[in-house]
Amino acid sequence: MSDAASETIYLKDYTEPHHWVRDVHLTFRLAPKATRVLSRITFVPNAENGGDLILNGEELTLITATVDGAIVPMEVSDTHLRIKSADLPQKPFTFEAEVEIAPEDNTALEGLYMSNGMYCTQCEAEGFRKITYYPDRPDVMATFTVRVEGDYPVLLSNGNPVASGDGWAEWHDPWPKPAYLFALVAGDLVNHAGSFTTKSGKDVELNIYVRRGDEDKCAFGMQALKDAMAWDEKTYGREYDLDIFNIVAVDDFNMGAMENKGLNVFNSSCVLASQATSTDANFERIEGIIAHEYFHNWTGNRITCRDWFQLCLKEGLTVYRDQMFSGDMRSHPVKRIEEVLTLRARQFREDNGPLAHPVRPESFVEINNFYTATVYEKGAEIIGMLRRLVGDEAYRKGCDLYFERHDGQAVTIEDWLKAFEDATGRDLSHFAQWYSQAGTPRLTMSEEWTDGTLTLSFAQSTPPTPGQDEKNPQVIPIAVGLIGPNGDEVLPTTVLEMTEAEQSFTFEGLGARPVASVLRDFSAPVILQRDMDAATRAFLLAHDTDPFQKWEMGRMLSKDTLIDMITSGGTPAADYLDALKTVLSDESLDPAFRALALGLPSQDDLAQTLFDAGQTPDPQKIYEAREALRRALARHMSDILPTLFRQHETPQFKPDADGSGKRALRLSVLSLLTLLDDGEAARTLFAAADNMTEQEGSLQALLTAGLGSDELQAFEKQWKEDRLVMDKWFMMQVAFAAPDTAAATAEALTRHPAFTMKNPNRFRAVFGALTSNHAGFHHDSGAAYDLLSKNLISLDKLNPQTTARMSAAFETWRRYDSARQAKIHAQLDRMLATDGLSRDTTEMVTRILGG
Ligand code: BES
Ligand code: ZN
C-alpha cells in the first residue's frame, strides 16, 4: 500500500476546493467488462483560492481528457488527475473525459458494479471516483444530466426522466447534489408502481424495482414509503421535490440502503417483504429504513455535509427522524426500549473500547470505517437531548430555520447548532461538546430525605478514550418523576438540566418519602449508577408510569440476579421470579412490552458489566448462568406459559404493532416452554406456522434448546430457492449453536454449496452469527477467532468495506483473560501481516490493537 493511500485526513485541515462544478453531463455505454463513461463537466474557479484542478479517480482507464476541447498537460496517478493552474483558463471551463471501467470485476460493491446481471452503483462515501474523474467531495454540488446506453428494459438515474428510446434513457436532476448521491441502475427489472400527491398538490410517481419473481414482496415497502412521505409533510413540513421517486432492490449490497437523489438503492433484505418470508422484525426494519432513506431527501440531500467529518449531521438527524416515525407508526415506549437495547449493545460497547471516537471524529484514514453506532445512534441521541432541552415547539422552529437558511448548501454541525441558537435564543456552546467528546458518561446518583424535602445529588465523569484522556462535564438532561409510597405518581416527568461535574436538585413539600424514577425515557446516553435494593426496583417495576423505567427496573433485577449467579453461584430469588411473573401475566400491559420485560440481558452485556466492575468475564460461565436462569424462569412460570402461548395466537397475520407484539410475547413464552416440554409446542408451531416470524421463532426455540435438526432440514428444503430466507437458515444454526459447536458449524457452512463470499448478506449470516454467539465466539479453544480472521483475510481481497466492519467483532478483546487476549492478538497480528491488506481493514485492526 502506498503512503498516499493510507494518509490520515484531519477535520482541522479542511479547505474549500480550487474549483466548483456548475453542471455535469454523463454518458454511460454499459458493458460488463468495458463500460465507457463520458463526462462533460463545467468547472468554475473558486475565487477564494485559485489553484490546480484536482480530480479524484481510482481504478479508471483514461481514454481521453480535454479542457475546452484542447489537450492540456495533466498528471495522472492511481488516485488523482491533476491539471496545473497555469494550464487552466482563469474563468469557467469545460472538462471532458472518457474513461473505461469493468463493473463485472467490481467485488468491492463500491462505484458501478454488477449484481445478478443488473448494473447498480454505490457512491457514498467515496465511490464516485471509481466511475470517473471528479472532485469527489460532498461540498462540491452540481446538477447532473445522465444518458444511459445499454440493452436493458430498465435504465435509471437520478432526478426526472427526460427522454428514452430503444436501448437508451436520459435523466436530469435539477437539484444540485454532491457526487456521492449519484446513482445508475440498469437491468431486466419489474416494478411495483404507486403514486403520492404532495400537500401542495404535486403528483409523484413511485416505483419499487425488483428482480422478476419478487413483485409480490413490494406492497409493504410501498405503503411505508407513502407513510413516510406524509409524515415528513406533517411533522417537519417537508415535501418531495421531483416528479418521480424510485427504489431498487439489489441482492449484493454492503449496507442496508442508500439515499441517492430520487433513486434509492436498497439491499433486497431491507425492502422485500412478505408474510411467508419476512419476520416481524424484518417488517419493522423495512418500514424504518425506507423512511430513513426517504427522510434524507431533506436531511442529507437538499442540505448535505460540507465534509465527511460532518456525517452525523445527516445520519444522526435522519436516524432520530426515522425513530420518531417508527414510534408514531407503532408504539413509542416499545420503540424506545428497542433503541436503548441497540444503543447499549452497539454504541456503549464501541464507546468503551479501542474504537471509541467522538460523534464528529477529528481524523480518519478510511471514512467507510466511521459509519458507526457512535455517529448514527449517539448522533440521534444528541438530537433527542437537544429537543428535550429546547422543547417541541422550539425544536420545530430550529429545524425550520435550518431548512430555510441552508437549503442547497453543504454545511457543518456548527451551522445546525447556530440555527437552534438563533431560533431559540439559547447558548448551545456547552451542549456542542456532545459532538467532540467521546466516551459514555457515568452518572452517579445519591439521595437524601429530610422533612419533606428530597435531594437528588448527581456526579458525572467520563472515562478516558483513545486520544482523549481529559474529559469535561457534559450537559445532561435528566428526566425524573416521583412515585409516592402508595404507588401514585406525585411528580410527573420533569427535566433536570445537569451541566456541572456535581449537582444537586431538591424537591420540596413532599408528604411522604417518594421513590425517584430517574432517566425516564432514557433522556441521555449515560450509564446511571445508583444504589437501589431489589425491593425498590420491584416497586418501580410495578408502579412507574414511565414505560422505559418500568422496563429498566425489570432489566436491572435480571442483571443483578445473573451477575450474582455468575460470580457466586447464587440462585434466583423468589421475589425476583414472582415480580417477572406478575409483569408477564399483567393483561393491562402491551404484549410487546411484556415480551421485552422477559428478555434477559445478553451475554455480551453481562461480560461488559463484569468487566466494568473490575472482574474478568468468563464466557462459558456467563452462558451457563443465563441458561440456568432461563430454566428457573420456565419452571417458576410453568403454570402460566401454556395459557399465554395459546392466548397470543394471531389467526389473521398483520405485520403491525399489535400483531407483532402478540407474536413476540408468544415466542418468548415458547422459548421457555421448550425447556419444559422437550420441544413439543415448538415443533407443532413450526409445522403449522403460516408466517416467517413463527416459523423462524419456533426453530430458534428448538435450536437454543439443542433440538431441531429435522426442522432445520425441512426449512432448507422449503426455502432453498429464496436467498433472503436462506440467509436466516445460515444465520440461525450458528447464532443459536451451543458454545462447543458454534465454530465447527460455521466452518461447515462455508463449505455448503450456497455459501458465497461475494454476497455480503450471506457472509454476514454466517460470520455475524458467529460473533453474536458470545460463548461460541469466545470459546477457549480459540477456534472461532481463527475461523473468523481466516475468512476476513479472504474477504478483504474482494470486499474491504465489509471486512473492516466485521473486524470490529474483536474490539472487546481487552475485557477477557490473558489467554484469550493472546489468542485474539495473534489473529489481529496475522491479519495485519497479510500482504496487500486493504486500507479499510488495516485501519480497523490497527485501532483495535492500539487503543
Ligand atoms: N447513507 C447511508 C448508507 C451508507 C452507509 C452508504 C455507509 C455508504 C456507506 C444510509 O442512509 C444509511 O444510513 N443506511 C443504514 C440504515 C439506516 C436505517 C440507519 C444502513 O445501511 O445500515
Ligand atoms: Zn442514513
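The values are calculated or read from the model by the stated rules, or taken from the named source; none is laboratory data. Note that the coordinates shown come from a computational prediction; the quantities given were computed from them, not determined experimentally. Please note: Cβ atoms are built from the backbone with ideal geometry, for glycine as well, and neighbour counts cover all protein chains shown. Each accessible area value is taken on the protein alone, full model and side chains, heavy atoms only, with ligands, DNA and RNA left out. Shrake-Rupley method; radii C 1.70, N 1.55, O 1.52, S 1.80 Å.
Report ³J(HN,Hα) in whole Hz for each residue of the stretch 824-835, in order, from the Karplus equation J = 6.51 cos²θ - 1.76 cosθ + 1.60 where θ = phi - 60°; Gly and Pro get x.
Coupling constants for the stretch 824-835: 5, 4, 4, 5, 5, 4, 4, 5, 4, 7, 6, 4 Hz.
How many angstrom separate the Cα center of the stretch 177-222 from the Cα center of the stretch 699-733?
Using only Cα atoms to place each centre, the spacing works out to 32 Å.
In degrees between 0 and 90, to the nearest 10, how far off the longest principal axis of the chain does helix 760-772 point, with axes built from Cα atoms?
It works out to around 30 degrees.
Once you have a ≥ b ≥ c as the square roots of the Cα gyration tensor eigenvalues for the stretch 295-431, tell me rounded if a/c is under 1.5, and otherwise prolate or oblate according to whether a/b is larger than b/c.
Details: a/c = 1.58, a/b = 1.13, b/c = 1.40.
Here the stretch 295-431 falls in the oblate category.
Just the accessible area for D151, please: 1.4 Å probe, Å², rounded to the nearest 10?
We get 140 Å² for D151.
Positive end of the charge dipole of the chain (Lys, Arg +1 and Asp, Glu -1 on Cβ, about the Cα centre): tell me which of S838, S6, A705 has its Cα farthest that way.
Toward the positive end, the furthest listed residue is A705.
Compute the long axis of helix 657-673 from its Cα atoms, compare it with the longest principal axis of the Cα atoms of the chain, and write down the angle in degrees, 0 to 90, nearest 10.
Helix 657-673 and the main axis of the chain meet at about 60 degrees.
Whole-Hz Karplus ³J(HN,Hα) for the stretch 515-520, in order, using 6.51 cos²θ - 1.76 cosθ + 1.60 and θ = phi - 60°, x for Gly and Pro?
Working through the residues one at a time gives 9, 7, 9, 10, 6, 4 Hz.
With N set to the residue count of the stretch 700-851, report its C-alpha Rg divided by 2.2 N^0.38 Å to two decimal places.
On the way: Rg = 15.6 Å, N = 152, 2.2 N^0.38 = 14.8 Å.
Its radius of gyration relative to the 2.2 N^0.38 Å reference: 1.05.
Please list K797, K226, K314, K758 in order of solvent-accessible area, largest first, computed with a 1.4 Å probe with all protein chains present.
I get K797, K758, K226, K314, largest accessible area first.
Calculate the FRET efficiency for A276 and R751 from the Cβ-Cβ distance with a Förster distance of 22 Å, rounded to the nearest 0.05.
The pair A276/R751 has a calculated efficiency of 0.15.
Would you mind checking the stretch 489-514 for residues with the amide N under 19 Å from a putative spin-label position 7 Å along Cα→C-beta of E447?
Label zone hits: 489-497, 503-514.
Rounded to the nearest 10 Å², what accessible area does F144 have for a 1.4 Å probe in the complete protein model?
F144 exposes around 0 Å² with every protein chain in place.
Tell me, in nm to one decimal, what length is gained between A512 and K12 on full extension, where the rule is 0.36 nm per residue of separation less the Cα-Cα distance?
Full extension from A512 to K12 adds 174.5 nm.
Size of the dipole of the stretch 559-715 about the Cα centre, Lys and Arg at +1 and Asp and Glu at -1 on the beta carbon, nothing else charged, in debye to 20? Walk me through the intermediate numbers first.
Details: 14 positive and 25 negative charges, 20 e Å.
Charge dipole, the stretch 559-715, about its Cα centre: 100 debye, nearest 20.
For an R0 of 22 angstrom, estimate the FRET efficiency from the Cβ-Cβ distance between S436 and H332 and round to the nearest 0.05.
For R0 = 22 Å, the calculated efficiency reads 0.15.
If I take R0 = 25 Å and measure r between the Cβ atoms of D586 and T494 in this structure, what FRET efficiency does the formula 1/(1 + (r/R0)^6) give, to the nearest 0.05?
Result of the calculation: an efficiency of 0.40.
In a shell of Cβ-Cβ distance under 14 Å around D13, excluding D13 itself, what net charge do Lys and Arg (+1) and Asp and Glu (-1) give?
Neighbourhood net charge equals -2.
Along the charge dipole of the stretch 411-476, which of P463, T450, F431 sits closest to the positive end, that is, farthest toward it, with unit charges on the beta carbon of Lys, Arg, Asp and Glu (+1, +1, -1, -1)?
P463
Give the residue list of trypsin sites (Lys or Arg not before Pro) in the stretch 707-752 that are DSSP loop and have at most 13 other beta-carbon atoms within 10 angstrom.
Filter output for the stretch 707-752: K720, R751.
Take the alpha-carbon centre of the stretch 129-166, take the same for the stretch 358-396, and report the distance between them in whole Å.
31
With +1 on each Lys and Arg Cβ and -1 on each Asp and Glu Cβ, how big is the dipole of the chain about its Cα centre, in debye rounded to the nearest 20?
Once rounded to the nearest 20, the dipole reads 720 debye.
Given labels modelled 7 Å from the Cα in the Cβ direction, how far is it in nm from R29 to R830?
A separation of 4.8 nm, rounded to one decimal place.
Dipole of the stretch 784-826, Cα-centred, from +1 at each Lys and Arg C-beta and -1 at each Asp and Glu C-beta, to the nearest 20 debye?
It comes to approximately 40 debye.
Helix 280-295 sits at what angle to the longest principal axis of the chain, using alpha carbons and giving 0 to 90 degrees rounded to 10?
So the inclination is approximately 40 degrees.
What are the ³J(HN,Hα) couplings of the stretch 296-309, residue after residue, when phi is run through the Karplus curve with 6.51, -1.76, 1.60 and θ = phi - 60°? Round to Hz, x for glycine and proline.
3J(HN,Hα) across the stretch 296-309, in whole Hz: 4, 3, 9, 9, x, 9, 4, 10, 10, 8, 5, 8, 6, 5.
Using the structure shown, list the pairs from K621/K717; K550/K662; K471/K621 with a Cα-Cα distance above 25 Å, or answer none. Walk me through the numbers on the way to the answer.
Numbers: K621/K717 36 Å; K550/K662 19 Å; K471/K621 35 Å.
Beyond 25 Å: K621/K717; K471/K621.
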